1. Kindly indicate whether C:G220 is over 33 Å from the mean Cα position of the chain (by Cα) and within 14 Å of another protein chain (Cβ to nearest Cβ).
2. When you check A:L247 against the structure, is it closer than 19 Å to A:L60 by Cβ, in contact with a Leu (Cβ under 9 Å, 6 or more places away or on another chain), open to solvent by 20 Å² or more (accessible area, probe 1.4 Å) and facing another protein chain (nearest Cβ under 10 Å), yes or no?
3. So which residues in region B:354-376 are assigned to a loop (DSSP other than H, G, I, E, B) and more than 8 Å from every other protein chain (Cβ to nearest Cβ)?
4. Can you find a residue in region A:237-244 that is at the interface with another protein chain (Cβ under 7 Å from one of its Cβ atoms) and more than 30 Å from B:R388 (Cβ to Cβ)?
5. From the list C:L208, C:L118, C:L140, pick out the single residue that is without any contact (Cβ under 8 Å) to a residue 60 or more places away in the chain, open to solvent by 10 Å² or more (accessible area, probe 1.4 Å) and either within 14 Å of chain A (Cβ to nearest Cβ) or not in a loop (DSSP other than H, G, I, E, B) (or both).
6. Can you pull out the helices (runs of 4 or more DSSP H) entirely within region C:225-314 that have at least 3 residues that are closer than 27 Å to C:F180 by Cβ and away from chain B (no Cβ under 14 Å)?
Amino acid sequence: MRARLNLVIGLPLVAALGGMALVALAWTPYGPTATSIRNRLKAPSSQHWLGTDEFGRDVLSRIMDGASVSFRVALATVLVAILAGTLIGVATGYLRGWTDRVVMMVNDALLAFPGVLLALAIMVVLGPGEGSIVAALGLAYTPSVVRIVRGQVLSLREREYVEASRMIGNSDLYTMARHILPNCIAPITVLATSLFGWAVLSESALSFLGLGVPPPAATWGNMLAASRSYMESAAWLSLAPGLCIALTLLGVNLLGDALRDRLDPRMSLR
Amino acid sequence: MRAPDPLLRVEGLSLATRSGLPIVEDLSFRVDRGAVLAIVGESGSGKTMAARAVIGLLPPGVVRRAGRILLEGAAISEQPEPALRALRGPGLGMVFQEPMVSLNPAMTIGAQMAEGLALHRRLERSAIRARCLDMLRRVGIGEPERCLSAYPHEFSGGMRQRIMLASVMLLEPKLLIADEPTTALDTLTQKDVLDLMVGLARDHGTAILLITHNLGLVARYAADTIVMEKGRLVEAGATRALLSAPREAYTKALVAALPRRTPHPPPAPRGAPMLTVRDFVVTHPGARSLFRRRVPKRAVDGVSLDVHPREIVAVVGGSGSGKTTLGRAILGLVPHEAGTLSFDGADPFATRAARRSFVLQAQMVFQDPYSSLDPRMRVEAIVREPLRHVPELTAGEAARRVEATLDDVGLRGFGRRYPHELSGGQRQRVAIARALVRRPRFVVADEPVSALDMTIQAQVLALFTALQDAYGFACLFISHDLAVVEAIADRIAVMQDGRVVETGHRDDIFDRPRHAYTRALLEAAPRLDLAPSTPVLKPSAA
Amino acid sequence: MIGYVLRRLALTVPTLALAAVAVFVLVRLIPGDPVSLMFGDGGTPEQVAAGRASLGLDRPLPVQLALWLQKVAAGDFGHAITNGQPVLPLILQRFQVSASVVLVAVAIAALIGVTVGLVAAWKQDSALDVAIVGATTVILALPTFWLGLIFLLVFGLKLGWLPVIGYVPLSEDPVRALAFLALPIATLALHESGVITRMARASAVEVLRLEYVTHARAKGLPERRVLARHVLPNAFAPTWTLVGLILGNLLGGIAVLETVFTLPGLGRLLVDAVFARDYPVVQGCLLFTAFVYVMVNLVVDLLYPLFDPRVAAE
């Protein structure tokens, strides 16, 4: 029942925001970076549904463009972190031994840095830009993925069907590919959804701090940072981007909950 | 003068899930003061829910639809929660199935025992302590003072069940509800705990409602029995009459499902053994850490054993006896530290090729049918997987082999299903099919039926023996259940603390046990003898 | 027990050492030379070389690492390039600001979260539970920096209840200091209480299913006592770990929130140092953060046996 509700709200939200990001690739009402001195700080109107900012840029167009930046970055980040983390987690968790111990020690050391801080430090090394954000966030989240996947593998490893696979005469590689990995897919999918939310949030936070995608590129974080100076005179500037981040997180979290409810019972069917 | 009310009377009890699925339908029974009544049934019979309804602690999803529950004539099912709470403890006590999760891990034993007393009896702290100590001594806890300040995790399952019993009996309940109280324990501990329970109850005049699936226990401890199936009462009556002359088909099936010794004596082993184990030692390393190096535990300590072609050798023993580890070590799933193994006269672990050839000829059937099948694979894929390593089979031959093997285990047409669509018994049949599809010459079966319901257990055992007859594999059959072993084994090795204390032919072990441990096991094993002239309660093995 | 403490202590050493190496490597990887930055465009090659030598930058990297570790172990984090101040006192001073916000906020959040989570689990699937879960879902979706902005807008600008920008140390003027800290604390507490409520609810739901809870009820204990003595302690153990993780993560600086509320905290120090390419400060901040994280988790783990005695026994 609750799973249904999660899905019914979460899926359309994510679909709508994702759709907006897709549309922005081809079309936005105005150019997201097109300035217009005459139209500075205009309140929402029929021409500019969400108003204009301090350079007279159309907020709706920038929100749409920001959506595609955010989603692109978040998707790539999730891909990097999940791929790297799953590979390392499955291999170390299944094979154990000294490689596992060394990798886990390094992993624990990296986990000692809060994700955003680690990403921030990596951003400093790599310099600003979308690619850097993806690399930084991907690297920052990989240790968490490793830890979670490895935990899952450690418990799967004790299942009798994995022992049965060894008894049949299957190689380690085959057992990992045929019996371990497929049974990790469900928790990894759930993890990927929450990771997507974190990535959107972190990218916005980095941009908000001025360490993300550099202006004038439209990102939700940049827009929020710029809006701070006009909070009293133009409150709409801080409402729209924040609301977009919140709705994205809401949709993704609900979707993740719905997925977990659907995938977990079967996983843990004793 | 009317007859006094019985201690407990349940009238027309019906339970259902909130969505309306019936769990118990129109159940009526009574328990007299100081009597022992058993409710017998398989999983899904509703016996546990019926017991929970009596004490008013149904899980959130289950509701009472109809019926009354009367304790000493008072309808407690109609009473408000606070009145019920006053009854729980001194009126109704309950002992649970899983000793590992029925004591609070974050509270000392003393605090958990004391809180019931403090609530229901006005007693000084020192008096509470004295009573707790006294009761712990009664249930055979060695150092009761130390036990009071200890946490549950410091005790074994059997000890925890004693502590649980002590904490419940401390309040001297009029009725003790025991829900499968010893299912999680091994045979010897089971007998100790139940003897203790019945003894304590007799001393305090407590009646017992014993929920169990084990007919042997019923025969030994309960004067009266009711049999439940799918939420309904099937048959009720005096235990002896009910078990020796069951009237209803389901009761007959239950009694018939009890494993029995095959009449013909097992053949003497002929020729050279196929598998020889000599002075086998397996140690559990213990967790390595910087500051504590746990003393390695010898799980298997110098075991020697022979298995001849077409022979079923059973390894029996209590939990921690090392029987499971022995089976795994023989197959190479855990390494052995010392000793020799030979298969067809050669060491199967000497070379890669030898190991490979051994793995192709030896298989294993695991205990837990819920974790031994990959949940993401269809039945036919699971059964076909071992044939990957039989390259001489063409795809068509492999498919036919899979089909034939599924036929063998009675699962024709189940190939497209996933494990979660199967019952426990069906899953175990799949596991057997997977083990046999390559026609192995040697199979280790690790408690293959102990997770199954009685009637299913009988079916799977019958299937297993039939397949063993047909394919002629040799088998190492690991079990804690003497009744199962008696029905299936040719020879038996009894293990205790990692050693084999006695080996012999089945009839010798059962009829002429030599070692004290074997005798204790046999005596503790709940069995019924259904010859009409002899008493149902079998005093002890000859 | 002593074995557990020692084992846990021993675990921190390699983690800290590896974290230090990671910080060192990371900072060396930053493009651009701090010394050329120090002199701007005006330094002669000789001056730059002398500057490099004074910072030890002319030695081989392993030697630099060893020297640096030695100094760090002695509490010498070097001097800031921008203003020449010693780094460690600077960090500690800023840390006080971050820590006071974080500690108060997390304490409030834990109190609210555990209570609300327990009640929701106890009344699982009731209207109250659904409402609580719904509320946490919304709270978790609100980014703290946006929530902070909205709070500023509403309570600072529109209602004018609280000052919008500025900071006064608690030691100087406690009342005004609290006025400045109220909004950041409220923002953070609201967000973290959502996180903790979810966790507390989930673990309480698990615990409520266990037989020892039924056992407690079968003894006739009233619900209040069942919850307080049997459910709460066991449900709190995993929540306690989560609180530790939250603290460890936040104490390293809440850069974004500090930016919103213009608080001179540790996170802001790091961000400013990054912009100024002030390596010693960046290095110091990262290392200090890891240190705090490891220490917080150490304390959390050492206290864990209080909630779950099984852990110490291994």
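The values are calculated or read from the model by the stated rules, or taken from the named source; none is laboratory data. Bear in mind the structure is a predicted one, so any value in this text is a computation, not a measurement. Reconstructed Cβ throughout: ideal geometry from the backbone, glycine too, with neighbour counts over all protein chains shown. Only protein heavy atoms, including side chains, enter the accessible area calculation; ligands, DNA and RNA are left aside. Shrake-Rupley method; radii C 1.70, N 1.55, O 1.52, S 1.80 Å.
1. yes
2. yes
3. Once the filter is applied, which keeps residues that are assigned to a loop (DSSP other than H, G, I, E, B) and more than 8 Å from every other protein chain (Cβ to nearest Cβ), region B:354-376 yields only B:P369.
4. yes
5. Just one listed residue meets the conditions, C:L140.
6. Where helices (runs of 4 or more DSSP H) fall fully within region C:225-314 and carry at least 3 residues being closer than 27 Å to C:F180 by Cβ and away from chain B (no Cβ under 14 Å), they are C:232-251, C:255-260, C:266-276, C:279-303.
Yes/no matrix, rows are residues, columns are (1) of a type outside the set (F, W, Y); (2) over 19 Å from the mean Cα position of the chain (by Cα); (3) open to solvent by less than 20 Å² (accessible area, probe 1.4 Å):
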| residue | (1), (2), (3) |
| --- | --- |
| A:L126 | yes, yes, no |
| A:I133 | yes, no, yes |
| A:A140 | yes, no, yes |
| A:R147 | yes, no, no |
| A:I185 | yes, no, no |
| A:L191 | yes, no, yes |
| A:W198 | no, no, no |
| A:W220 | no, no, yes |
| A:M231 | yes, yes, yes |
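Per-residue answers, yes or no, for (1) touching a strand residue (DSSP E or B) at 6+ places or on another chain (Cβ under 8 Å); (2) under 25 Å from B:V255 (Cα atoms); (3) outside any helix (DSSP H, G or I):
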site: B:V402; (1), (2), (3): no, no, no
site: B:D407; (1), (2), (3): no, no, no
site: B:R416; (1), (2), (3): no, no, yes
site: B:R439; (1), (2), (3): no, no, yes
site: B:V443; (1), (2), (3): yes, no, yes
